[in-house]
Amino acid sequence: MNFELFTLFEMTPDFVCIAGKDGYFKRVNPAVPAALGYTAAELYSRPISSFIHPDDLALTSKERQTLLNGKTLLNFQNRYITKAGTVIWLEWTSVYVPDQEIVFAIAKDITASKIREQETEEKYHRYKTLATHFKNRAEDDRKYLAYELHEEVAQLAAVVKMHIAWVDQRVSDLPGKAKERLEEALLMSDLLIRSIRRISFSVSPNMMNDLGFNATTEFQCKEFAVLNGIPCTYRSDCHDDDLLPEEKIDFFRICQEALSNITEHAEAKSVSVVLKDQGQTISLSITDDGKGFDVNAQLSSAGLLNMKQLAVSINGELSIHSELGRGTTVTVTTARR
């Protein structure tokens with residue numbers, strides 16, 4: 001390469017460098033010393049690696065070896081430390097010229113965009129932490145409410161039923177109408193207790209802590225089938241330990257929302273719920289053979305938005321496939337941890 005061609009790049013704001021195979025700068029354009037704060041003589045006198053951020057040395061060395069082996073380096077990013085001690089981000093495109101044993105490289109200063117990227121990432125993590133906090137608080141409130149329903153209200157209803165049964169069994173001279181009312185009250189007490197327990201489970205499936213996700217979801221499917229008269233099967237090839245605690249809760253909530261939508265809108269004759277291990281990912285699918293719907297027309301519906309938000313909160317993806325007259329499949333997929 002003719003070094004005189006380098007003068008064409010003297011005025012560019014980008015870094016333009018020629019480096020030797022020995023790891024030293026041989027020539028740089030004015031943008032390099034201006035940004036790094038070193039004189040050209042100082043840049044030529046020290047190994048290039050001495051200007052690189054320590055955390056990027058290993059990766060830079062690896063990429064440099066790839067470059068010397070003949071592969072062009074495109075859009076490689078690393079950090080340099082200026083003479084003043086500040087850090088700048090550079091994005092390099094480099095090519096090795098073997099017959100002259102030099103590297104010709106051009107770099108753009110991407111520090112400003114990196115700072116914006118880091119600020120955005122920090123905001124994202126801050127908001128995600130806040131959202132997770134509120135979601136956990138909501139789940140704690142649900143658990144408390146479910147506990148109160150199951151342990152307090154249901155127990156009180158059971159006591160009322162016990163007293164009614166006592167009167168029914170011990171008082172023999174009640175009029176016929178009163179006897180009928182007592183029997184109706186016993187029946188209604190049973191229905192009340194079952195309803196309280198069902199609502200308690202819907203609010204918060206405390207059994208998940210004891211029996212795990214698979215058993216809880218299978219119970220949910222059986223409960224759905226009994227209440228709606230629609231066969232609902234559950235199949236899983238995953239272990240409970242394959243899912244993180246927050247994934248179990250959000251998978252359950254998405255399934256719960258999907259089954260609720262099926263009850264209200266689908267007119268389905270059968271439903272299947274499948275938890276599947278796909279190697280790098282785990283997916284939960286809820287499929288019905290109902291009337292289907294236009295997904296694009298329903299994207300802003302509360303149910304779909306809720307499921308999408310739940311999927312996002314665990315870094316998952318929600319997909320919905322539906323055809324009119326051919327049913328619907330809702331799938332949430334997360335990366336295996």
**Prompt:** In region 283-312, what count of residues is obtained for those that are in a helix (DSSP H, G or I) and touching a Lys or Arg at 6+ places or on another chain (Cβ under 6 Å)?
**Reply:** 1
**Message:** I need the full set of residues from region 229-282 which are within 26 Å of Gln298 (Cα to Cα), acidic (Asp, Glu) and over 15 Å from the mean Cα position of the chain (by Cα), in order please.
**Reply:** Glu257, Glu264, Glu267
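Is it the case that some residue within region 260-278 is on the phi > 0 side of the Ramachandran plot and at pLDDT 90 or above?
Yes; the residues of region 260-278 include at least one that is on the phi > 0 side of the Ramachandran plot and at pLDDT 90 or above.
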**Prompt:** in contact (Cβ under 8 Å) with a residue 12 or more places away in the chain and either in a helix (DSSP H, G or I) or crowded, with 18+ Cβ neighbours inside 10 Å (or both): does that describe Leu90?
**Reply:** yes
**Asked** Restricting attention to region 23-68, which residues are in a loop (DSSP other than H, G, I, E, B), out of contact with any helix residue (DSSP H, G or I) (no Cβ under 7 Å at 6 or more places or on another chain) and closer than 20 Å to Thr93 by Cα?
**Response** Pro30, His53
**Message:** Quick check on region 163-180: of everything there that is of a type outside the set (Gly, Ala, Ser) and surrounded by fewer than 11 Cβ atoms within 10 Å (Cβ to Cβ), which residue is nearest to the chain's Cα centre (by Cα)?
**Reply:** Trp166
**Asked** Looking at region 51-67, is at least one residue of a type outside the set (Gly, Ala, Ser) and in contact (Cβ under 8 Å) with a residue 60 or more places away in the chain?
**Response** no
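Within region 77-85, is even one residue among the charged types (D, E, K, R), modelled with pLDDT of 95 or more and either in contact with a Phe, Trp or Tyr (Cβ under 8 Å, 6 or more places away or on another chain) or not in a helix (DSSP H, G or I) (or both)?
yes
Looking at region 316-334, is at least one residue out of contact with any Gly (no Cβ under 8 Å at 6 or more places or on another chain) and modelled with pLDDT under 90? Can you show your working first?
Residues of region 316-334 that are out of contact with any Gly (no Cβ under 8 Å at 6 or more places or on another chain), as a first pass: 316-321, 329-331.
Now drop any that are not modelled with pLDDT under 90, which leaves none.
There is no residue in region 316-334 that is out of contact with any Gly (no Cβ under 8 Å at 6 or more places or on another chain) and modelled with pLDDT under 90.
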**Message:** Testing Ser204 on (1) polar (S, T, N, Q); (2) at pLDDT 80 or above; (3) surrounded by 18 or more Cβ atoms within 10 Å (Cβ to Cβ), one condition comes back false. Which one is that?
**Reply:** (2)
**Complete:** Sole miss for Asn315 among (1) at positive phi; (2) buried (at least 18 other Cβ atoms within 10 Å of the Cβ); (3) not aromatic (Phe, Trp, Tyr) is condition (2)
**Positions within region 245-282 being part of a helix (DSSP H, G or I) and β-branched (Val, Ile, Thr), in sequence order** = Ile249, Ile254, Ile262, Thr263
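The values are calculated or read from the model by the stated rules, or taken from the named source; none is laboratory data. Just so you know, these numbers come straight off a predicted model, no measurement behind them. Cβ: placed from backbone, ideal geometry, glycine included. Neighbour counts: every protein chain shown.
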